[in-house]
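A short worksheet on the structure shown next.
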Amino acid sequence: MFKKKQDAKPKEITYERVKSYFLWLIGKYGDYASKTLMQKANILFKEDTSFNEEAINHLIERGIVDDLRYAKRLTLSYSEKNIGPNKIKQKLYTKGFTSQIINECLGALDNTEEDYLGKALALKFKKFGEDPIVDEKLKQKALRHLIGQGFSYSVANKAISRSGNED
């Protein structure tokens with residue numbers, strides 16, 4: 001019924017093909033970290049990876065791929081959500097950014113401990129209510145939850161001991 005394309009030759013891997021693949025990815029799905037693009041190219045063009053580095057460098061030189069710009073945008077997006085700085089750092093690291101870029105982006109945030117306390121309180125109120133937690137098991141559960149969301153121990157501890165009507 002349908003003919004199989006067994007006799008079709010695989011396309012030749014060239015610099016232009018790799019570069020157009022990167023541009024297609026960026027055009028269709030938005031920004032990528034250069035490390036992520038490299039991983040995708042190494043999977044797709046595993047027979048010959050010699051053009052991958054050259055194509056990435058071309059896009060970096062032209063400003064199409066900019067890890068710092070992308071990381072700053074992601075950091076701002078994450079900071080608007082109720083997550084702490086440690087979770088933001090983890091998410092950026094899994095995206096493939098270097099620790100230098102991550103530290104620069106987190107340093108650019110002008111969030112203080114009070115800002116993070118407000119976010120931790122919002123999470124605590126949402127999940128555990130507005131009253132201070134006195135039950136030891138529930139206190140440990142709330143502490144684990146807030147630390148898991150990226151808040152430091154001191155911020156999480158302050159949040160679970162406060163009530164909703166305190167300033």
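Which value does Rg/Rh take for region 105-152 over its C-alpha atoms, Rh per Kirkwood?
1.04
Please give the net charge around Y70, taking every other residue with its beta carbon less than 9 angstrom from that of Y70, where Lys and Arg add +1 and Asp and Glu add -1.
With Lys, Arg at +1 and Asp, Glu at -1, the net is +1.
Relative to a virtual label point 7 Å from the Cα of E16 in the Cα→beta-carbon direction, which members of region 35-52 show backbone nitrogen distances below 17 Å?
51-52
Express the accessible area of region 62-142 per residue in Å², computed with a 1.4 Å probe while the remaining protein chains stay in the model.
The answer is 62 Å² per residue.
State the answer as a single residue: which of H145, Y116, W24 lies farthest towards the positive end of the charge dipole of the chain, with beta carbon charges of +1 for Lys and Arg and -1 for Asp and Glu, about the Cα centre.
W24
Subtract the Cα-Cα distance of T112 and D48 from 0.36 nm times their separation in residues, and report this length gain in nm to one decimal.
Contour length minus the Cα-Cα distance gives 18.2 nm.
Of the candidates G84, G27, G129, which one comes out as most mobile in a Gaussian network treatment of the chain with C-alpha springs shorter than 10 Å?
The residue with the greatest mean-square fluctuation here is G27.
Pairs K40/K141; K11/K89; K91/K126; K87/K126: which are spaced more than 29 Å apart, C-alpha to C-alpha?
Among K40/K141; K11/K89; K91/K126; K87/K126, the Cα-Cα distance tops 29 Å for K40/K141; K11/K89.
Relative contact order of the chain, please, whole-number percent, based on alpha carbon pairs below 8 angstrom and at least 6 residues apart.
20 percent
Select from V155, V18, V134 the residue whose mean-square fluctuation is largest in a Gaussian network model of the chain (Cα-Cα springs shorter than 10 Å).
V134
Let me know the Kirkwood hydrodynamic radius for the chain, please, with Cα pairs as the basis and the value in Å to one decimal.
For the chain, inverting the mean 1/r across all distinct Cα pairs yields 19.1 Å.
If you take the Cα Rg of region 76-156 and divide it by 2.2 N^0.38 Å, with N the number of residues, what do you get?
1.17
Where Lys and Arg each count +1 and Asp and Glu each count -1, what net charge lies around H145 among other residues with Cβ under 10 Å from its Cβ?
Its environment carries a net charge of +4.
Using helices alone, I'd like the mean residue ellipticity at 222 nm for the chain: each DSSP H run of four-plus residues gives -39500 (n - 2.57), total over residue count, nearest 500.
So the helix-based figure for the chain works out to -20500 deg cm²/dmol.
Starting from 0.36 nm per residue, how many nanometres of slack lie between K126 and N157 once their C-alpha separation is accounted for?
Fully extending the segment from K126 to N157 adds 9.5 nm.
So, by mean Cβ neighbours within 10 angstrom, what's the order for 44-52, 141-149, 101-109 with the highest one leading?
141-149, 101-109, 44-52
How large is the accessible surface of D67 in square angstrom, using a 1.4 angstrom probe and rounding to the nearest 10?
Counting only protein heavy atoms, the figure is 30 Å².
The values are calculated or read from the model by the stated rules, or taken from the named source; none is laboratory data. Predicted model, so just to flag it, every value in this text is computed and none were measured. Virtual Cβ from ideal backbone geometry, glycine too; neighbours counted across all protein chains shown. Ligands, DNA and RNA are excluded from the accessible area calculation, which covers all protein heavy atoms including side chains. Shrake-Rupley method; radii C 1.70, N 1.55, O 1.52, S 1.80 Å.
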